[in-house]
Amino acid sequence: MNTFSIATAEKNVLAVEQSPGYWSGVFRRFSEDRIALFAGFVVLILVVLALFGPWLVPADPYQSSMLKRLKPIGTEGFPLGTDELGRDMLSRLMIGARLSLFMGITPVLFAFAIGATLGIIAGHAGGWINSIIMRTIDVFYAFPSVLLAIALSGALGAGIGNALLSLTLVFVPPICRVAESVTSQIRGRDFVEAARASGANAFAIIRVHVLGNVLGPIFVYSTSLIAVSMILASGLSFLGLGVKPPEPEWGLMLNTLRTAIYTQPWVAALPGLMIFITSMSFNMLSDGLRSAMDVKQ
Amino acid sequence: MILFILRRLLLAIPIMIGVALVCFSLVHLAPGDPLVSVLPPDASADLQKQLRTLYGFDRSLPEQFVGWISRAVTGDLGTSIASSRPVTAEVMKAVKNTLILAAFATMIGFFFGSLFGFVAGYFRDTFVDKAASFLSVMGVSVPHYWLGMVLVIVFSAQLGWLPATGMGSGGSANWAWDWEHMQHLILPAITMSVIPMGIIARTVRALVADILSQEFVVGLRAKGLTDVDVFRHVVKNVAPTALAVMGLQLGYLLGGSILIETVFAWPGTGFLLNSAIFQRDLPLLQGTILVLAIFFVLLNVLVDILQTTLDPRITRG
């Protein structure tokens, strides 16, 4: 999957610099892509839930009741039923968007900042700086991503901070590789050569000539990681390594409801459906973004 | 060719040393005393010191690393703190179980992934393509631990057709390739196969579409070859990359089986890792991760070598 994505990112580099009205073209192509627009709409709803959840929920998501445990979907007053402690599922799913999105998106943002910086430095500098950075990245690449995330957060112990830290470390290597690959392509091009010949220092070349050409492809690649990150982040909570109870987070809710699969199976499956919808939307949004930014299609 | 293989193996050695260093650091990243899980709360200072020496925690970090890695090379990964059994034996038993699951899942994923990929690539931009592509996006987007739960709900809890957990009577020791045991494999393997399925379908679709638009295909058609013959050429061109992706996916599944094994109580490496984490059994944690990562590195090398052999266009160097 990764070599494939690097190849696409490289194609984007060439595309970015060719057309003068590039961004208006991207916007036009994106607005014609109905699947991507729909996915964007779903993401927007989730973001609204995450930001304004506390004011939108119909009931108190922390209010438990021993009498009203595990009510089925469609119960009066509890449209999506109740969980194993009698808390309103609809409210918990709505407010769960907050922590789940936060845990899924933040690591990719951090990894984008760190990975892009390291990759651009490595790609632009070349030589021994490149070797040191990229060989270190290679070591982390030698771990399957799920294993690395679980190993790190398993060793560090449960908690939001540790989960974010381990997920960030998981996503730095792939982003760094893409950044290095597109930057070293740009580095060899005539306009960078010309800037160097006219006496611009490395910092100015990166700021003026490199960043504008590489950030787009790196960004698009990073957005494709959000879906993976959502699944992994909720997976950590599902294992008991991320968010701690009683906070509503979809992965953790799925974990605590696992015991209810014989009594109230469809209620128990709901938090996972939310993770699925979210990661699917991010995937389709990222696919749309990629084809909108690729002039060749 | 032999030179190429040797070179490729030599290149993997620094990576493996790096991997070992990361695994080793994991234990020392961990907050708190690694012995805390075995020590009784009222342990005397003497007993504490004795245990510390026994597990080697009293020496300096570089000393511990060199000792650990030189023993690891000979196959000794230390002793599990929780069970007092050798880590290597525990891990190898679990690796076998995970390998059964991952290999089965990869085969299912490869079969359906190639099928969807070929269909989508051949009928590009038609409804069939859109449907197949949608399925493959679903494959990479679905949280597989949830899919596992849903399958258990439908096929075990509701219909009662298949067992929900475990490896069958007698556990992994009595494993046999008969229906009684195989039925335990079905749900976890299907759950696990959706990820490679999605990724292989995407890869194959892109490859097929690319190959069909190349001039040599037009040439073959012009020469009067039937569709079946053209198809054979396409398969030949897709195979090396598709197989390489499949090999890498097997590696990802081996390392990433923890969530699925937890859902299905499958006694593999993921299950072992899970108990190592929650019992804070650091030698076991360290050993399991090391074995899985080394497996992954070697698998990468193997895939590289096979791909070079299968695809004459890739130069050896």
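Rule-based calculations on the coordinates, nothing more; no lab input. Since the structure is predicted, the reported quantities are computational estimates derived from the model, not experimental observations. Neighbour counts are summed over all protein chains in view; Cβ atoms, including those assigned to glycine, are modelled from backbone coordinates with ideal geometry.
Helices assigned as whole DSSP H runs in chain B whose Cα atoms extend at least 20 Å along their own long axis and whose mean Kyte-Doolittle hydropathy is -0.5 or higher are found at B:2-29, B:87-122, B:127-141, B:179-212, B:227-255, B:282-310.
For the stretch B:237-317, just say rounded, prolate or oblate: build the C-alpha gyration tensor, square-root its eigenvalues into a ≥ b ≥ c, call rounded for a/c under 1.5, and beyond that prolate if a/b exceeds b/c, oblate if not. Oblate.
Exposure here means at most 13 other Cβ atoms within 10 Å; with chymotrypsin sites (Phe, Trp or Tyr not before Pro) in a DSSP loop as sites, the longest stretch of chain B lacking them is B:1-160.
Across chain A, Cα pairs under 8 Å and at least six residues apart give a relative contact order of 28 percent.
Rounded if a/c is under 1.5, else prolate if a/b is larger than b/c, else oblate: which is the stretch A:94-148, with a ≥ b ≥ c the root eigenvalues of its Cα gyration tensor? Oblate is the answer for the stretch A:94-148, as a/c is 1.5 or above yet b/c matches or exceeds a/b. Taking every alpha-carbon pair under 8 Å whose residues sit at least 6 apart, chain B reaches a relative contact order of 28 percent. Fully extending the segment from B:LEU159 to B:SER84, taken as 0.36 nm per residue of separation minus the present Cα-Cα distance, adds 22.8 nm. Among the listed pairs B:LYS93/B:LYS236; B:LYS130/B:LYS236; A:LYS71/A:LYS244, a Cα-Cα separation exceeding 31 Å is found for B:LYS93/B:LYS236.
Rounded, prolate or oblate for chain B? Axes are the square roots of the Cα gyration tensor eigenvalues, ordered a ≥ b ≥ c, and the cut-off for rounded is a/c under 1.5.
Oblate, because a/c is 1.5 or more while a/b does not exceed b/c.
Centroid-to-centroid, using Cα positions, the stretch A:186-212 and the stretch B:94-131 are 44 Å apart.
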